Amino acid sequence: MSKHAPSFPSRVWSRWMSVPLWLQILIGMVLGIIAGITLGDDASYLKPIGTLFVNTIKMLIVPLVFCSLIVGVTSMQDTAKMGRIGFKSFGFYLGTTSIAISIGLLVGYVMQPGAGLGLEGAKIVSEVKEAPTLMDTLINIVPTNPVAALASGQILQVIVFAVALGISLVLIGEHGKPAIRVFESLAEAMYKLTDMVMKLAPYGVFGLMAWVAGEYGLDMLLPLIKVIVAVYIGCALHILGFYSVVLTVFGKLNPMQFFKGIGNAMAVAFTTSSSAGTLPASMKCASENLGVNKKISSFVLPLGTTINMDGTALYQGVTALFVAQAFGIDLTWVDYITIVLTATLASIGTAGVPGAGLVMLTLVLTTVGLPLEGVAIIAGIDRILDMARTVVNVSGDLVATTVIARSEDELDVEHYNADMEQSALIAQHNEVDIQQKVAENVKSNS
Ligand code: ASP
């Protein structure tokens with residue numbers, strides 16, 4: 001053997017590093033499930049690896065959203081265009097969410113997940129948190145103290161402040177330029193940091209999956225398996241069926257390319273159950289794999305993360321029917337329509353964090369007079385449902401971003417259709433381009 005031949009561990013390591021990230025994440029997920037089932041309760045010792053990963057991505061959210069949104073707004077210059085994109089995003093989000101809940105209701109109606117559970121008259125003591133009202137949500141989007149909003153990670157408030165600051169920086173012309181350059185440089189640094197953090201995803205995903213598989217085991221799942229299957233079928237229909245149609249009809253795009261491009265974000269969403277936490281991964285997928293201009297993704301994605309929750313709405317449809325069936329309560333057509341309206345509105349106020357949908361479920365159940373005890377039953381398996389609905393939430397945001405970018409001529413279709421390796425090359429090329437531009441800027445200003 002030559003003196004400089006790499007050792008066995010370093011060969012394994014370099015082999016591992018040459019595996020594409022999405023495959024690394026998938027391997028982490030499968031190994032995590034195996035570890036969780038084998039170790040049972042002891043798998044909780046692996047949870048800190050997952051928590052560490054979640055903390056690192058959470059660390060990115062506020063500075064990433066804040067800086068990239070300001071850069072997005074200031075680079076748009078055209079305020080009419082911004083208004084149009086905001087309007088389109090909002091309409092798109094509300095439309096897809098109401099379709100999602102209708103799919104949820106349909107699946108719940110056909111599969112009857114709660115039938116025969118025989119809970120009529122049952123009284124289960126449950127502690128249920130109050131959901132915020134829609135009015136509270138609307139009033140609170142303007143931060144009284146932007147620093148507090150940044151510090152406490154109130155994303156909707158951060159969006160409002162960043163957009164306002166971005167517009168003001170454009171309006172003051174020359175005076176705004178130095179600050180814009182600072183934000184541009186910070187945004188680039190945040191993209192780089194996201195890149196680094198995403199390399200930790202396979203290990204974090206391993207820890208999180210081991211913990212979930214260890215905690216739930218099979219015994220606890222069996223009685224409620226029908227609800228789980230119903231929610232997962234609904235989510236699959238929405239993603240593979242409805243989103244494919246939207247991408248084909250409204251975006252004139254090949255859905256397969258889309259799903260290939262968002263694999264990393266989906267894996268992070270599935271394991272973290274947090275669309276806010278997945279935001280850095282979604283932004284990276286949108287610009288690097290799908291070819292969406294960062295101007296669009298930096299605005300439409302954070303907005304979607306906070307107000308667009310197709311998966312959550314779908315889950316509320318299935319679970320509301322589950323509760324009605326389990327407690328033997330018949331619903332009228334008016335109740336169905338009320339569920340669609342409340343769940344659509346509730347999804348605006350749902351935070352992109354684990355378990356938020358369960359809190360909002362109380363709002364939907366109360367509005368149609370269903371027993372809140374149902375929430376306690378669902379709570380036992382909520383994490384498993386949360387994983388699937390968060391994947392839908394994140395995919396929905398990315399569909400909207402892609403279709404809106406396409407309609408604004410801000411989608412690089414060649415990049416979108418390129419295979420993964422070509423995409424990486426294009427992304428690298430763009431990065432060099434940006435760095436050159438920054439260097440030229442610095443030169444011309446010095
Ligand atoms: N966990 C979901 C999300 O972050 C929200 C929910 O609980 O439904 O998108």
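List the helices (runs of 4 or more DSSP H) inside region 223-279, counting only whole elements, that have at least 3 residues being of a type outside the set (F, W, Y) and more than 16 Å from the ligand (Cβ to nearest atom). If you could, list the steps in order and put the result at the bottom.
Values: elements: 225-236, 244-249, 255-261, 263-272.
Counting at least 3 such residues, we get 225-236, 244-249, 255-261.
I'm told G349 meets every condition in (1) modelled with pLDDT under 85; (2) near the ligand (Cβ under 8 Å from one of its atoms) except one. Can you identify the failing condition by its number?
The number of the failed condition is (2).
Being open to solvent by less than 10 Å² (accessible area, probe 1.4 Å), at pLDDT 95 or above and in a helix (DSSP H, G or I) narrows it down to one of G304, G311, so name that one.
None of the others qualify; the one that does is G311.
From G304, G291, G328, which residue is closer than 18 Å to A376 by Cα and among the small types (G, A, S)?
G328
Residue by residue, here is whether (1) modelled with pLDDT of 95 or more; (2) open to solvent by 50 Å² or more (accessible area, probe 1.4 Å) holds:
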position: S185; (1), (2): no, yes
position: V197; (1), (2): no, no
position: Y203; (1), (2): no, yes
position: M220; (1), (2): no, yes
position: S244; (1), (2): yes, no
position: F250; (1), (2): no, yes
position: A267; (1), (2): no, no
position: S274; (1), (2): no, no
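Checking the conditions here, which among G328, G355 is within 16 Å of the ligand (Cβ to nearest atom), surrounded by fewer than 19 Cβ atoms within 10 Å (Cβ to Cβ) and not aromatic (F, W, Y)?
Checking each option against the conditions leaves just G355.
Can you name every residue in region 336-347 that is out of contact with any Asp or Glu (no Cβ under 9 Å at 6 or more places or on another chain) and open to solvent by less than 20 Å² (accessible area, probe 1.4 Å)? It would help to see each step written out before you state the result.
Here is the first cut: in region 336-347, the residues out of contact with any Asp or Glu (no Cβ under 9 Å at 6 or more places or on another chain) are 336-346.
Hits for region 336-347 are I339, A343, T344, A346.
Residue pairs, Cβ under 7 Å, 6 or more apart or interchain, first in region 98-111 and farther than 13 Å from V392 by Cα, second of a type in the set (F, W, Y) and open to solvent by less than 50 Å² (accessible area, probe 1.4 Å). List them.
Pairs found: L105/Y336; G108/F322.
Which is touching a strand residue (DSSP E or B) at 6+ places or on another chain (Cβ under 7 Å) and within 27 Å of E188 (Cβ to Cβ), of A281, A286?
Unique residue meeting the criteria: A286.
Suppose we filter region 30-68 for residues that are under 27 Å from I159 (Cβ atoms), of a type in the set (A, V, I, L, M) and out of contact with any helix residue (DSSP H, G or I) (no Cβ under 7 Å at 6 or more places or on another chain); how many remain?
Summing the residues that are under 27 Å from I159 (Cβ atoms), of a type in the set (A, V, I, L, M) and out of contact with any helix residue (DSSP H, G or I) (no Cβ under 7 Å at 6 or more places or on another chain) in region 30-68 gives 1.
Please go through region 363-400 and pick out each residue that is away from the ligand (no atom under 12 Å from the Cβ), open to solvent by 10 Å² or more (accessible area, probe 1.4 Å) and within 14 Å of A313 (Cα to Cα).
Once the filter is applied, which keeps residues that are away from the ligand (no atom under 12 Å from the Cβ), open to solvent by 10 Å² or more (accessible area, probe 1.4 Å) and within 14 Å of A313 (Cα to Cα), region 363-400 yields only L363.
The values are calculated or read from the model by the stated rules, or taken from the named source; none is laboratory data. The structure presented is a predicted model; accordingly, all values stated were derived computationally and were not measured. Backbone-built Cβ (ideal geometry, glycine too); neighbour counts: all protein chains shown. Surface areas here come from the heavy atoms of the whole protein model, side chains and all, with no ligands, DNA or RNA. Shrake-Rupley method; radii C 1.70, N 1.55, O 1.52, S 1.80 Å.
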